[in-house]
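Below: the structure, in structure tokens.
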């Protein structure tokens, strides 16, 4: 009888080596990678092209395109803004705010008028992606465990000393590194892409501090890690189409508002750049 | 495989696999990257592989049936086997991380199909990590029932994030469940039972079933009796803790 032969398969106490060993393995390989890999430079352009920001390693440089000069960043510490490789930078809130974050586990929010750091958020883990909501009220950042955190910035005043705020979890991609975070142009959705080929579109709720639990859609189709996301607004899709690019041979995939796959548009990125540079 | 008389892993008289040849530890590390194929998207799931009699070819038309029940961490398949005859018109699938155990369930289903022509054609199993790949298998609102029977408790607090029911993962389960769909959880570990209940209670996309609804649902009784795990708990006179919730439309909804 099968039943009589059955043994007690359940292990009541999880004192097995898997857990701690695996955890330290993950951190170890991360540290090894740190020494060998060079953090890629990241670039972000102001929405109305007032300025452009570039981060190389821990160095954050902003160039004022209107006045054609470099910008001096004012941080409370007085020294370098970040102590370690910057992994994500982004303009947001229609250009009024800027956020930078990375391996030093600090998320810094800057005013783009004074270029003063107006808020610093401490992350428990290294940060891999950042985004600011269009209304400038919330900053989101993703850590290396795949959790996206959110912080509120209610009417942050530049004249005050920079605030140290505490973030709360918004959503998570289970055990996956999030490579890109974007808000949809209408602010209804937040899109997160990860290294396990997935893109998740989530409704950004009225009270984000309670978490974003309503998944609008998963955009699946990439066969490699997704490295970047962008919303492109064109006359025929004023709400914006989501485009994504990644490590597979598809440079860009285009997703419709109903967020299933439309088509492959490798030329789209090039066209966008041409328009920007006026070539 | 069943015809091979020399194969000791299959019981000659019943045609069903023998558990002793599919021994596996109860615990499996969900964080390790096992190598198994993952469908690119739900439309890439090969129904002809899982339900050959119902889907002779892998081409599926838009209107064709889709999987509606998913047993997450199905173990040796006890629940699925019971559900298969209780809901003969519904397609269902088990997801299991452990290789040997998945093989056992596969053999069990094949054996049952042979012994009972026409039956058990609606049930299958797949080896996968459901904590990472559920959206790859199921479309939005596809499932009407999801089962989490006796999941790994991950006792240490630092390992709580590996639990299969968590506030974050409930977002994904809510996504694949249709509005009105039901999530069934049961455990014999009291702390885990409280954890799962509180995660569900605090999640805005789920509401608990009433006592009357629980009594009226034939599936609820199966939670503690249909699986090997449940039967063992009963034999040892243990207590079980269940939480059964319905997927709802959240009160404040953005229009999309």
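None of the figures in this text is laboratory data; all of them are computed from the coordinates on show. Given the structure is predicted, the values throughout are model-derived calculations rather than measurements. Cβ sites come from the backbone with ideal geometry, for glycine too, and all protein chains shown count toward neighbours.
With angles folded into 0 to 90 degrees, how steeply does helix B:167-176 sit against the dominant principal axis of chain B? Use alpha carbons for both and round to 10.
With both axes taken from Cα atoms, the answer is about 60 degrees.
Seen from all sides and averaged, what is the projected area of the convex hull of the Cα atoms in segment A:42-221, in nm²?
9.8
Provide the descending list of Cα extents for segment B:45-253 along its principal axes, expressed in whole angstroms.
46, 45, 36
Over all residues in A:169-176, what is the mean tally of Cβ atoms on other chains that come within 10 Å of each residue's Cβ?
Neighbouring Cβ atoms belonging to other protein chains average 5 per residue here.
Residues of A:210-221, mean number of Cβ from any other protein chain within 10 Å of their own Cβ, rounded to a whole number?
Whole-number average of other-chain Cβ neighbours for A:210-221 is 6.
Expressed in nm to one decimal, what extension gain is obtained for the pair residue B:13 and residue B:86 from 0.36 nm per residue of sequence separation less their Cα-Cα distance?
Length gained between residue B:13 and residue B:86: 23.8 nm.
Among DSSP beta bridges whose residues both lie in segment B:45-253, state the antiparallel percentage, nearest 5.
That works out to approximately 30 percent antiparallel.
For the residue pair residue A:52 and residue B:46, what label-to-label distance in nm results when each label sits 7 Å from Cα along the Cα-to-beta-carbon direction?
Taking the simple label geometry, residue A:52 and residue B:46 are separated by 4.8 nm.
Using r as the Cβ-Cβ distance of residue A:72 and residue A:207, and R0 as 30 Å, what FRET efficiency do you calculate, to the nearest 0.05?
Plugging the Cβ-Cβ distance into 1/(1 + (r/R0)^6) gives 0.20.
Please give the peptides B:149-155, B:123-129, A:205-211 ranked by average Cβ packing (other Cβ atoms within 10 Å per residue), highest first, as a rough proxy for protection.
B:123-129, B:149-155, A:205-211
If you take each beta carbon of peptide B:161-173 and count the beta carbons of other chains within 10 angstrom, what is the mean?
Going residue by residue through B:161-173 and averaging, the value is 4.
Given the rule -39500 (n - 2.57) for each run of at least 4 DSSP H residues, summed and divided by the residues of chain B, what is its mean residue ellipticity at 222 nm, to the nearest 500 deg cm²/dmol?
Using -39500 (n - 2.57) per qualifying helix, the result is -9000 deg cm²/dmol.
Please compute the contact order of segment B:45-253 in relative form: average sequence separation of alpha-carbon pairs under 8 Å and at least six residues apart, divided by the residue count, as a percent.
Normalised by residue count, the contact order of segment B:45-253 is 20 percent.
Using a Gaussian network model on chain B with a 10 Å cutoff between Cα atoms, which of B:214, B:177, B:79 fluctuates the most?
The residue with the greatest mean-square fluctuation here is B:214.
Residue B:214 versus residue A:45, label points 7 Å from Cα toward the beta carbon: distance in nm?
Between residue B:214 and residue A:45, the simple spin-label model gives 5.9 nm.
Over all Cα pairs of segment A:34-138, how is the pair count split among 10 Å bins, expressed in % and running from 0 up to the last occupied bin?
Taking every Cα pair in segment A:34-138, the percentages come to 16, 52, 29, 4.
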